[in-house]
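Asks: Got a structure for you, questions after.
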Amino acid sequence: MVSRDGELYLDLMERVLAGVIHEDAPVGWYGDLDGYDTNSRSMGLDLPTSAHTMVGLKRLANVRSCVERVLEDGVPGDLIETGVWRGGVCILMRAVLQAYGVRDRRVWVADSFEGVPVVNDRSHPLDQEMALHRINSVLKVSRAEVAENFSRYRLLDDQVRFLEGWFSQTLPAAPTGPLAVLRLDGDLYESTTDALTHLYPRLSAGGFVIIDDYNIEPCRKAVHDYRSRHGVDERIEAIDTCGVYWRRTA
C-alpha cells in the first residue's frame, strides 16, 4: 500500500502531467487555437500546448491503476510504453514506482523520437489511408526532450531505459525481460502489430495491456487481428472514448 502522502503525490502528478493545474490551452492539430475545456482534457481529446501528455486524466488514471494493481498483486515484470510523445505516461509509471518505493522494476520508453513512419506502397492499406506522418511536426519529440521532462520531475535515473528507433527494429531484441504493464500508443496498424508481436509474449499472467488508440481503425484492426491469430479472448474494457485495456489471465 502507498501512504496518504504518496496518494497525494500521484494525484498531483496526474494533474500536472495533463496540464490541468494551469489549464494549459490546447493547440489545434493543424495550428488553429482552441480554448481550454475541462471535459476535453479529462478525455484526452485535445492537443496540449506544453503539458507532457495528451492522453487526458481518465487514461492517466488507468495507467496508475494498472501499475498499482500489478505491484499489489506481485505480478512480475517491467513497465513499457511504445510511442511516448513528450513522455508523460512513462513519467507517471516511474512516479508510481517512486511512491511505492519499488527499486527492482524499470520503465521502458520506446519511441522512434522521429514521429510515425512515413507510409509507402508496401505499408498496410489502412496506414496508407491515414497517412499520419503528415503531422509528424506535432508527433515528433526528441529523446533529449523526453529525458529532460523526466529530469524536471526528478525521475530520470537508472530505472528509466530508452529504446530508440522504429519498433520493427528495436522491439524484437529489446532487453526488457518479463513485462507487467504493456501500453501501446503507436496509432498505426503496423506499429501496433509490431508491439503486440514482440512484447505480448513477454507479458506476465496478471499483467495489463493498454491500447491508447483503439478508436482509430488501423490500431483497432491490428488489435483484433492479433487477438484472433493468437486466441486472446480476455474481455476488452473501455477506459474512455479512445482507450481500452485487458488483463492477461494466462
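Asks: Look through region 98-147, keep the residues that are over 18 Å from the mean Cα position of the chain (by Cα) and under 27 Å from G77 (Cβ atoms), and return whichever of them is surrounded by the most Cβ atoms within 10 Å (Cβ to Cβ).
Replies: Checking each candidate, the answer is A99.
Asks: Taking the condition at pLDDT 95 or above and open to solvent by less than 40 Å² (accessible area, probe 1.4 Å), does T197 pass?
Replies: For T197, the condition - at pLDDT 95 or above and open to solvent by less than 40 Å² (accessible area, probe 1.4 Å) - is not met.
Asks: Right, something else. Across region 148-162, what is the total count of residues that are in a strand (DSSP E or B) and open to solvent by less than 20 Å² (accessible area, probe 1.4 Å)?
Replies: The total comes to 1.
Asks: Then there's this: Only one residue in M1, M13 is open to solvent by 40 Å² or more (accessible area, probe 1.4 Å), more than 26 Å from I135 (Cβ to Cβ) and either outside any loop (DSSP other than H, G, I, E, B) or of a type outside the set (D, E, K, R) (or both). Which one?
Replies: Values: M13 fails: open to solvent by 40 Å² or more (accessible area, probe 1.4 Å).
Criteria check complete, one pass: M1.
Asks: A follow-up question, please. If D46 passes every condition in (1) in a helix (DSSP H, G or I); (2) more than 15 Å from the chain's Cα centre (by Cα); (3) under 23 Å from L188 (Cβ atoms) but one, which one does it miss?
Replies: Every listed condition holds for D46 apart from (1).
Asks: So if I check each of A18, A95, A61, A51, which one is modelled with pLDDT of 95 or more, open to solvent by less than 10 Å² (accessible area, probe 1.4 Å), among the hydrophobic types (A, V, I, L, M, F, W, C) and within 19 Å of V2 (Cα to Cα)? Even if it seems obvious, please write down each step before you answer.
Replies: Numbers: A18 fails: within 19 Å of V2 (Cα to Cα); A61 fails: open to solvent by less than 10 Å² (accessible area, probe 1.4 Å); A51 fails: within 19 Å of V2 (Cα to Cα).
Only one candidate qualifies: A95.
Asks: Collect the residues in region 216-250 that are at pLDDT 95 or above, open to solvent by 40 Å² or more (accessible area, probe 1.4 Å), touching a strand residue (DSSP E or B) at 6+ places or on another chain (Cβ under 9 Å) and not β-branched (V, I, T), keeping them in residue-number order.
Replies: Within region 216-250, R220, R235, E237, A238, Y245, R247, R248 meet the criteria.
Asks: OK, next. Evaluate the following for S191: is it in contact with a strand residue (DSSP E or B) (Cβ under 8 Å, 6 or more places away or on another chain), outside any loop (DSSP other than H, G, I, E, B) and closer than 18 Å to V89 by Cβ?
Replies: The answer is yes for S191.
Asks: All but one of (1) buried (at least 18 other Cβ atoms within 10 Å of the Cβ); (2) in a loop (DSSP other than H, G, I, E, B) hold for P175; state the number of the condition that does not hold.
Replies: The number of the failed condition is (1).
Asks: Tell me the residue from S228, S191 that is touching a Cys at 6+ places or on another chain (Cβ under 9 Å) and more than 27 Å from G74 (Cβ to Cβ), please.
Replies: S191
Asks: Does region 109-128 contain at least one residue that is under 19 Å from F167 (Cα atoms), touching a Lys or Arg at 6+ places or on another chain (Cβ under 6 Å) and not charged (D, E, K, R)?
Replies: yes
The values are calculated or read from the model by the stated rules, or taken from the named source; none is laboratory data. In this text the structure is predicted, and so the values were computed from the model without any measurement. Cβ: placed from backbone, ideal geometry, glycine included. Neighbour counts: every protein chain shown. These accessible areas exclude ligands, DNA and RNA; they are computed on the full protein's heavy atoms, side chains included. Shrake-Rupley method; radii C 1.70, N 1.55, O 1.52, S 1.80 Å.
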